[in-house]
Amino acid sequence: MFKNYLMTAWKVLLRRKVFSFISLFGISITLAILLILTTLLDNYLYPMGPEKNNQNFLSINRLTIISKDQQSTWSSQPGYQFLAENVNRLKAPEKISFFTGFNDGASFISGDKIINKLRRTDATYWQILDFDLIHGRTYTDEEFDAGAMVAVISQTTSKEFFGTQNSINKSFIVNNQSFEVIGVAKDVSFFENIAYSDIWVPYTTSPSTSYKLGLTSGWGAMLYHSNKNMLPEMQSEYINLLQEDFISPDPEQYHTAISGADTPIENLARDIIGADNYKADSTKLITLFMLLAVVFMLLPSINLINLNISRIMERSSEIGVRKAFGASSKQLVFQFIIENILITGIGGIIGLLISWLVLRQVESSQLIPAVQFSFSINTFVYGFSMIFVFALISGTYPAYKMSKLHPVDALKGGA
Amino acid sequence: MLKLEEINKTYHTDKIETIALKDINLTVKKGEFISIMGPSGCGKSTLLNIMGLLDAPTEGQIKISGAVIESYDDKNVAQLRNQKIGFIFQSFHLIQDLRVIDNVELPLLYRKMSAKERRRLANQALERVGLKARTDHFPAQLSGGQQQRVAIARAIVGKPDLLLADEPTGNLDSHMGNEIMQILESLNKDDGTTIVMVTHDDELAQRTERIVRVYDGQLIH
């Protein structure tokens, strides 16, 4: 029976080439766009680089400060002072790391100015994140405490500064400071926004100590625990600390601190939906994404529904014959949904191919720095789930309409 | 085999009521070959559709093999049609996208039967109508007469109790029409198949055991 359905579906697909092309085009493009977005999200949530253990740490990257009279509000990244005086007092994390965002670092090579991304971190940063070192090592606590002028640079930066030679122990200048290369790391994807940079140096090498002042802007923190089940406890402790025991340099002006220690999805929710909560609403974000995906799929689905209905009318004689020889409405609905799954399945495979080609192109063009997309098993699961949903949305109503055709009318060739 | 009692069929549109069949009482005995004749629009096809459970009567009762059709529920009538009735249509109604063998297998798809058994029975039915050599052809590759023979194979493959033929030779020339009629006669005589055939052709009707005439939705005795 199944073979008969598939054979009919295949023949119908070949018989109406223009119709099939329009159907497949709509399905392929929609699914390709959805798959590209899903892959980007997947690469953000489940990175393959240094942040691959992101199930074991939380990040603090937003802080809102409100004055006592509630007339003033500051909302940005946290500042070093806030982290040092507050986050540092947390007991639940096994490790806490502070680091700056990635800033521009200017260097000159043969008289040409080049800009790299420069991030200043502590030594714990290297213990939490899992960098892939090609040469050398990362800086130690001792080097960090001593403010040693050492740097880890990315593979591409190493090539840029020193060509193909081994760059360990060589020096370079960035933002008028000279550093010695002690390690070369594999390039980090832009999507790994805690790890991403070209040059990493101890923040104790900052030209001045002014970074130590300021509750907001420029910094981030990671809270690590080897047991991922401890993450909720770390989140609660952080919220309690802010609500009960927030240390402020000026309690009148900087009275209330609102911030959260976020998982990657919460981090994204905080960026997209809003930053002014202790707990980022990731459920809302997931609902929003799913809603957008459904709305996005709805338009081509409506198009496909229309095309499917007109195709059914062309096939009314077949429907009449099948009914006359014993097909029940339920069997016909099943047949038509199988046919639709075949068409959307083909469209889906083309869509997968398109998205793979586009992502490969994005990778090789370096439109997004150092990005490497992986088509994980997740992507295939998402992809085929989308195809299935698409097939159901666009197939069920026409199938129902078809099954309700009266056999006598269907045999006459109309509804 | 088939008994129609006090069958009425009325079609309603917004304002008009059309009586298609009125007080039809008809019995078709097992192994009988009857023809239904009458002018166009007299209700012949409606009568055949009601006999084949493709349409429900407005009033009246149908008995097939002694059992009253009590429910016209989709699943119930689909199963009855599949088990007990075979159809032959004037315009063949073969599925153009399927090969001959797959067209013939169609009624068996809706039964619990292995693919191997389906194939065996379909081959047997095609052999019965002399088209064993055409199993892998598509309908468009066959002549009208051959297509109708495929349609007959499809109608008999499930060994139905009753074969309903709606002007089976209407789209064929007299030579091919005669061939089809010979196959129907052979099915009736050799296999004992009960056949009800709607026809306009008086000569063909004369070859059946009994002629039922319909005029303005009523049987004329």
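Miscellaneous remarks
- Hull volume in cubic angstrom per residue (convex hull over the Cα atoms of the stretch A:214-304): 138 Å³
- For trypsin sites (Lys or Arg not before Pro), the sites in the stretch B:1-103 that DSSP calls loop and that have at most 11 other Cβ atoms within 10 Å are B:Lys15.
- Interface residues in the stretch A:289-324 - accessible area drops by 10 Å² or more relative to the isolated chain, probe 1.4 Å: A:Ser317, A:Glu318, A:Val321, A:Arg322, A:Lys323, A:Ala324
- Per the Cα gyration tensor, the stretch B:2-220 maps to an equivalent ellipsoid with semi-axes of 29, 20, 16 Å, ordered largest to smallest.
- Cα shape, the stretch A:158-217, gyration tensor, a/c 1.5 rule: oblate
- Cβ neighbours within 10 Å from other chains - mean over A:325-337: 5
- Contour minus Cα-Cα distance for A:Val362 and A:Glu94 (0.36 nm per residue): 92.7 nm
- Where B meets A: accessible area buried, both sides, 1.4 Å probe, Å²: 2300 Å²
- Minimum 50 Å² accessible area buried by the other protein chains, the stretch A:1-32 residues, probe 1.4 Å, relative to alone: A:Met1, A:Asn4, A:Met7, A:Lys11
- Members of the stretch A:392-415 that become less accessible by 50 Å² or more once partner protein chains are added (1.4 angstrom probe, chain alone as reference): A:Val408, A:Leu411
- Average accessible surface for chain A: 46 Å² per residue, computed with a 1.4 Å probe over protein heavy atoms with every protein chain in place.
- Accessible surface computed residue by residue for chain B, with neighbouring protein chains in place and a 1.4 Å probe, gives 45 Å² per residue.
- Ellipticity estimate at 222 nm from DSSP helix runs (n ≥ 4, -39,500 (n - 2.57)) divided over the protein assembly as shown, nearest 500: -14500 deg cm²/dmol
- Gained length - B:Ser143 relative to B:Glu127, 0.36 nm times residue gap less alpha-carbon distance: 4.0 nm
- The GluC sites (Glu not before Pro) of the stretch A:222-258 meeting both criteria, a DSSP state outside H, G, I, E and B (loop) and at most 15 other C-beta atoms within 10 angstrom of the site's C-beta, are A:Glu252.
- With the Kirkwood sum run over all distinct C-alpha pairs, the stretch A:299-415 has a hydrodynamic radius of 16.2 Å.
- With Cα atoms defining each centre, the stretch B:64-97 and the stretch B:101-136 are spaced 18 Å apart in the structure.
- Apportionment of accessible area to carbon and sulfur, the stretch B:1-151, percent (1.4 Å): 47 percent
- The alpha carbons of the stretch A:62-261 give a radius of gyration and a Dmax of 18.3, 60 Å, in that order.
- Ellipsoid equivalent to the protein assembly as shown - semi-axes via the Cα gyration tensor, in Å: 81, 27, 18
- Protein heavy-atom surface of the stretch A:150-246, 1.4 angstrom probe: 46% of the accessible area is carbon and sulfur, with nucleic acids and ligands not counted.
- Separation of alpha-carbon centers, the stretch A:274-293 and the stretch A:33-56, rounded to whole Å: 17 Å
The values are calculated or read from the model by the stated rules, or taken from the named source; none is laboratory data. This one's a predicted model, so the numbers in the text were calculated from it and none came from an experiment. Glycine gets a Cβ as well: all are built from the backbone with ideal geometry, and neighbour counts include every protein chain shown. With ligands, DNA and RNA removed, areas are computed over all heavy atoms of the protein, side chains included. Shrake-Rupley method; radii C 1.70, N 1.55, O 1.52, S 1.80 Å.
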